[in-house]
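Working notes, structure below.
The values are calculated or read from the model by the stated rules, or taken from the named source; none is laboratory data. As the structure is a prediction and not an experimental result, all values here were calculated from the model. A quick note on method: Cβ atoms are made from the backbone with ideal geometry, for glycine too, and the neighbour counts reach across all protein chains shown. Heads up: the accessible areas ignore ligands, DNA and RNA and are worked out on the full protein's heavy atoms, side chains in. Shrake-Rupley method; radii C 1.70, N 1.55, O 1.52, S 1.80 Å.
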Amino acid sequence: MTDQSQTPEVAAEETRLLPSDEILKGLIEPFADASWATSAGQDVVTLPVDQLRAFGESALQGGFELLSDVTAVDWLTRQPRFDVVVNLVSLEHRLRLRIIVQTDSDVPSLVTVWPGANYAEREAFDMFGINFVDHPDLTRILMPDEWEGHPLRKDFAVGSVPVQFKASHKVR
Amino acid sequence: MTKSKDVDLWISGTEEPDWDSSTTDEGSQEMASTETDYRLREQLGSVVTDDYVFDDEISDDERMIVNMGPQHPSTHGVLRLQIELEGEIIRRTKPVIGYLHTGMEKTGEELTFMQGPTNVTRMDYLASFHNEHCYSMAVERLLGIEVPPRANTIRVLLTELNRISSHLVAMATNGMDIGAVSIMTYGFRDREQILAFFEKTTGVRMNHNFIRPGGIAADLPPGWRADVKAILENIRRRVVDYDDMLKENPIWNGRTRGVGIITPEECLAYSITGPTLRSAGVDWDLRKAFPYAGIEQFEFEVPLGTRGDVYDRYRVRIEEILQSARIVEQAAEAMPKGDFRSDDRKVTPPPRMRIDQSMEALIHHFKIFTEGFRVPAGETYVAVESPRGELGCYLVSTGEGKPYRIHTRAPSFYNLQALPIMMADSLVADTIATIASLDPVMGDVDR
């Protein structure tokens, strides 16, 4: 089994896909473990989780000066469980780039690279329980402080709250 | 930030002669070319450190923490601020949000793609068309369908009218907060005319559910050209009047000039977009940068500010109203003929006439409105320029009839991060003007 799994990996290494855009290519090429793909016509880079901050720093140097969004997706049964999705914009080159890392809980925080990641990472923590390492103030932002659980996880039921209307017995 | 050396540095007290230093001194940060690179990065906002120094010389009587909101009439919804004051000077601010959180992203996972617009339209309730547009474009991108030109032009027409109505509210509430109550009544009066047109078109004033994946729900109503013409005529005349009333007004100038300053570097570092970013002089408008829905065929300019203060943000919005009026006029003139929905029968329900004639059409109609249509597996991020900034929709589909994950990049949510920067070391009396100039919509912040 090991022999079979190694062969395609080596083959993939040789024919590594890189974007035709020079700026993106120059950004992605130094990261050997980063893989590039297009999703519905948009550039997506998939990274190992520990390289996120290093990639972020070089993306900032490479002209992606605006972090447009940080969010997460819960795949429940998959290992690792979560996708953390970072959307970047370059005003200079008029480019968009999406970074996706897979994680079970810990992700390096991007606040030191783009301070604007602060609220977004707090929201992702609040909703998914993802631990952004080195975040200055990783507390709940939308849910009440005493809330238990992380609502946007797939194993968190939608639930309902019974509402009592004053005139409900008359309607029936 | 790599370009920190290249920025135009200025030293406090060396501003232009007409600069009103009495209001700016507290809000300004001293910058000098001799400062270290790290300190400069810190001041430009690309490095965040808590630079608050506890000053022992000020007695504890002077320092206090004031809680503002969430039920304060001037906080534009349920925004709560914890403000640390030294006398009348704000040292630190912490926005506390979540009072309007209704779990719309979770709700969105339970609704079909067809029902999605009813959900997203309630997020930013002042710019509901932009939310619907953004969501619909994300679904269409995953489906790989194009909407017909007429649908696109109607979308542009409606979203730009929506931008005008939203900016009118921003102008009105900004005026009301500062004390110019008449501008409040004027702004809401003119907005009502636009909302009346929306009501005629979509059936409701605010939460329309009109722009849907595949096109729009219905064609424009009879007589729409005359309505749009009347709106434009009215808006153009009156907005100029309001601007004349305010832009030279000494009280207005005193309350807004040099208040709530934010630099372009801070804007970019803190992901701040929209009129706030443009008021700092950064030429960034998604309609120009990544044109969508055929907006590139219309001529318009992107108004820019220079100082990034409350006054510039007000001026940028006023100019944007006039530019949007230009787009609306061109869109109304260029309105193409043809279908207003995609002819992809997977997405578009059959016409009403066919339902009476064909059993298959009836089944098809029933299926679309009960199960909804299936969207191919994939993920995408689509952004539009809403009146508050970059409004994005991150959509993940697994090939089912409902989105696996729907996330909205809410511009107000990110823009709120500017508040502590704008308010640091300013007077407590300027708080209200600063909040109003950001124009946050709490439905958008909390979702």
**OP:** Take segment B:366-379 and flag every residue that is crowded, with 17+ Cβ neighbours inside 10 Å and assigned to a helix (DSSP H, G or I).
**Re:** B:Ile368
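Residue-by-condition table, conditions (1) more than 30 Å from B:Ala424 (Cβ to Cβ); (2) in contact with a helix residue (DSSP H, G or I) (Cβ under 7 Å, 6 or more places away or on another chain); (3) part of a helix (DSSP H, G or I):
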| residue | (1), (2), (3) |
| --- | --- |
| B:Tyr292 | yes, yes, no |
| B:Phe300 | yes, yes, no |
| B:Gly305 | no, yes, no |
| B:Glu319 | no, no, yes |
| B:Val328 | yes, yes, yes |
| B:Asp339 | yes, yes, no |
**OP:** Out of the residues in segment B:228-263 that are buried (at least 20 other Cβ atoms within 10 Å of the Cβ) and not β-branched (Val, Ile, Thr), state the one that is nearest to B:Pro148 (Cα to Cα).
**Re:** B:Tyr242
**OP:** Starting from residues that are within 14 Å of chain A (Cβ to nearest Cβ) and farther than 20 Å from A:Met143 by Cβ, keep the ones in segment B:88-109 and report whichever is most open to solvent (accessible area, probe 1.4 Å).
**Re:** B:Arg92
Subject >> Members of segment B:110-126 that are buried (at least 17 other Cβ atoms within 10 Å of the Cβ) and either within 23 Å of A:Asp126 (Cα to Cα) or among the β-branched types (Val, Ile, Thr) (or both) >> reply: B:Leu111, B:Thr112, B:Asn119, B:Val120, B:Thr121, B:Arg122, B:Met123, B:Asp124
Subject >> Qualifying residues in segment A:49-79 (those that are open to solvent by less than 40 Å² (accessible area, probe 1.4 Å) and more than 23 Å from B:Ala269 (Cα to Cα)) - the one farthest from the other protein chains (Cβ to nearest Cβ) >> reply: A:Asp74
Original post:
B:Glu400 is checked against (1) within 14 Å of another protein chain (Cβ to nearest Cβ); (2) acidic (Asp, Glu); (3) under 20 Å from B:Thr276 (Cα atoms) and fails just one. What number does that condition carry?
Top reply: (3)
**OP:** Output yes when any residue across segment B:264-272 is small (Gly, Ala, Ser), open to solvent by less than 20 Å² (accessible area, probe 1.4 Å), touching a Cys at 6+ places or on another chain (Cβ under 6 Å) and at negative phi, and no when none is.
**Re:** no
**OP:** Could you please find all residues in segment A:80-94 being within 9 Å of chain B (Cβ to nearest Cβ) and over 19 Å from B:Thr273 (Cβ atoms)?
**Re:** A:Asp83
**OP:** Please work out which one of (1) crowded, with 20+ Cβ neighbours inside 10 Å; (2) not in a loop (DSSP other than H, G, I, E, B) is the condition A:Gln102 fails and give its number.
**Re:** (1)
Subject >> Every residue from segment B:298-321 that is surrounded by fewer than 18 Cβ atoms within 10 Å (Cβ to Cβ) and farther than 27 Å from B:Ala429 by Cβ >> reply: B:Glu299, B:Glu301, B:Val302
Original post:
Hey, among B:Gly254, B:Gly258, B:Gly281, which residue is under 19 Å from B:Ile178 (Cα atoms), not in a helix (DSSP H, G or I) and not aromatic (Phe, Trp, Tyr)?
Top reply: B:Gly258
Original post:
Which residue, of B:Arg405, B:Arg352, is open to solvent by 30 Å² or more (accessible area, probe 1.4 Å) and of a type in the set (Lys, Arg)?
Top reply: B:Arg352
